1. So which strands (runs of 3 or more DSSP E) are wholly in the range 462-574 and hold at least 2 residues that are hydrophobic (A, V, I, L, M, F, W, C) and either more than 28 Å from the chain's Cα centre (by Cα) or within 28 Å of Val617 (Cα to Cα) (or both)?
2. Is it the case that Asp460 is modelled with pLDDT under 90 and touching a Lys or Arg at 6+ places or on another chain (Cβ under 8 Å)?
3. Are any residues in the range 550-598 within 20 Å of Ala369 (Cα to Cα) and free of Cβ contacts under 8 Å to residues at least 40 places away in the same chain, and if so, which ones?
4. Any residue in the range 399-417 that is hydroxyl-bearing (Ser, Thr, Tyr), farther than 30 Å from Glu91 by Cα and surrounded by 19 or more Cβ atoms within 10 Å (Cβ to Cβ)?
5. Any residue that is farther than 24 Å from Phe10 by Cα, not in a loop (DSSP other than H, G, I, E, B) and not aromatic (Phe, Trp, Tyr) - is there at least one of those in the range 644-651?
6. Got a sec? Which of Leu427, Leu449 is surrounded by 17 or more Cβ atoms within 10 Å (Cβ to Cβ) and not in a strand (DSSP E or B)?
7. Could you run through the range 82-114 and say how many residues are farther than 19 Å from Met179 by Cα and surrounded by fewer than 18 Cβ atoms within 10 Å (Cβ to Cβ)?
8. Where residues in the range 270-311 are β-branched (Val, Ile, Thr) and part of a loop (DSSP other than H, G, I, E, B), which of them is surrounded by the most Cβ atoms within 10 Å (Cβ to Cβ)?
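The values are calculated or read from the model by the stated rules, or taken from the named source; none is laboratory data. Note that the structure is predicted; figures quoted are calculated from it, not measured. Methodologically, a virtual Cβ is constructed for each residue, glycine included, from the backbone with ideal geometry; neighbour enumeration extends over all protein chains shown.
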Amino acid sequence: MSKFIPFPMFCDDMPIDISYIFENEAPAGKHGFLKPDGDVFRFEDGTEGRFWGVNVNGGANFPSHSYAEQFASRLAMTGCNIVRFHQLDAEWDIPNIFRFKRGKRVSDTQHFDPESMDRLDYLIYSLKEKGIYVYLDMLTYRRFKDEDGVENSHQLVDASRQPYALYDRRMIDLQKDFMTQIWNHYNPYTKLKYKDDPVIVLTEIINECDLDRERQFGVEPYTSDFRSRMRRWLDEKGIEFDIENADLKTERGTIINQFKSELQTAYYLEMLEHMRSIGVKIPIAGTNYDLVDQMIKTQLVTDFTDGHTYLCDWKWNDGLASRKSLTQIEDPVTSLLTKFRFKNMPFFVSEWDMPWPNPNRAECPLLFAAIGSYQKWAGFAIHTYSYSTRLEDMKMVGKELYSPYVNGVAYRVGMFATWNDPAKYGLFYHAALMTRRGDVTPSNDEITLKLSEKGTFKYDGLAAAPEKCRVFVSFDEGEPAEIKPYDASKCEIASVDGQLFRSWKDNYGYINTENTKAVYGLLAKNGKIELDGLSVESTNEHGVIAFSTLTDKPLSESDNILLTATGDAINTGLEYEFVDDNDMKINNLGEPPVLAEVIEADISLRNCYAGARVMAVDPQGFFIGRVPSRYEDGCLKFHIGDQYESIYYLIIKD
């Protein structure tokens, strides 16, 4: 039975501060504007853009000035260098960009609230001072109104949840007006307009929306307008097709999909042209949905591709949550990302997660960071840091709001909140170091898989392939998409150069580089796990044990090393049950304080300092005590988890 200890995380501080490693990167923007350069991003001075960070959602984009400062400082402490501003336009959250407080009715969505903008301005300024960049969303959850000149607005769902915003002239004009306003907005704290500030590095046209996957055809006059547009298109091409009676959500691969693809491409091109015409200099993406083939092609007219992926079953409204493990499945949900990875286009992951209360979620930060670095993706932003800024009152995992729902959705009350989760945010130190410092070096081997034109969803060759070699997709060349560059019958994957390994038969994996080493998954089952210069043997059923040097020397020569050992993290009194192999049911959310699982393990680490101390660190940064150790054959040997219990240890030279 696992042992748990109180390990609260505080919204204004972290127990360890690694911001000094990147102190020369502040202020953000010192390298100039970000630009696409082949399949990577580079700043104007030639520095490659590599990012690890978070989303902030809805009202969290408009914090008080004091909160903005502590938020930026805390992110920098953990090595984060990007924040995606997401759902600024969501009516269901408060504040939002159109209103700061509930009360007086806001009749349209064409005017920004001055208080909201002041807070957004100061947040950008605070992040910039700490070397943290911004990814700025355009259209996400804006709810158009009659006073906006949008017909039958009361029948429409939020903007990026319905397809009409991609072709209706009035909605397109409203989007362009929004872009003109926000990019020309002057920030009095940075003394720059948004379009002229290199702290803002990325933007997208519309969040998670495309004409093929959306479901709300049926509202008039928009459905008839779509049929009229397609009728003219058919006439121009001399194609006979009964568009009047066709199901607009018909099976993929039909003539309707071809028209949808051309219509969506035209939408992107118009938006790209508009943003360029008003002076936007940074890379622009189209959307970030789980698109099918013909719609993936539409992204190729933009500057970079963006993807979202989650390991969860979206059953929170039914009281259920996923308990799957990344070490139990062949595809660690990266195939959804890889099918957007084209040659000569940068790729960024603006949303990902393996959310609470999944007891195996500690696997994901390190594995995702390692795969992204190995693939030379530009980076990651987890969804989400928080939906709220009143975090001092909510000191439990998975719950940051008092209500059970936000706009009828259960997960927005905190299931995705990351800021106080030792199992995930507790490992951001290592994930940020791997990503930004390049601890995992990109693969020298690559394969290109050719996507079909049939609109299929699964591509077998993408499953675990990103852990073997660099993977690209193409519509014009490459191997068949069913080809796997590894022997899947072995139920394991290893990178060619030995940096990455994962077995879904033995249910564990590791990261093996000079600067960062980690083991994760079912630890006790696999006995002693040996890497280059490291051996770990744990009695915990499941966990993660990670080492990163905090100097410019490799682990074997470093006099300052961070060791993080963590598994699950729960609230006091949390009660749940496993209902099947995939899901768990939460019966009681529990209450503060957050409890972190104690990992017990025998460790041997090669290091040149015979007198190095292993010091356990508590949630407030105090040294709890010195873990007994001995030095034999050039290795520091010690046992964690029985004395001075923690998730954090510093291995430091005397």
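1. Where strands (runs of 3 or more DSSP E) fall fully within the range 462-574 and carry at least 2 residues being hydrophobic (A, V, I, L, M, F, W, C) and either more than 28 Å from the chain's Cα centre (by Cα) or within 28 Å of Val617 (Cα to Cα) (or both), they are 516-522, 528-531, 534-538, 542-549, 560-566, 569-572.
2. Taking the combined requirement at face value, the residue satisfies it.
3. So in the range 550-598, the residues within 20 Å of Ala369 (Cα to Cα) come out as 550-552, 554-555, 561-568.
Selection gives Thr551, Asp552.
4. no
5. no
6. When all the criteria are applied, what remains is Leu427.
7. Number satisfying all stated conditions: 9.
8. Thr287
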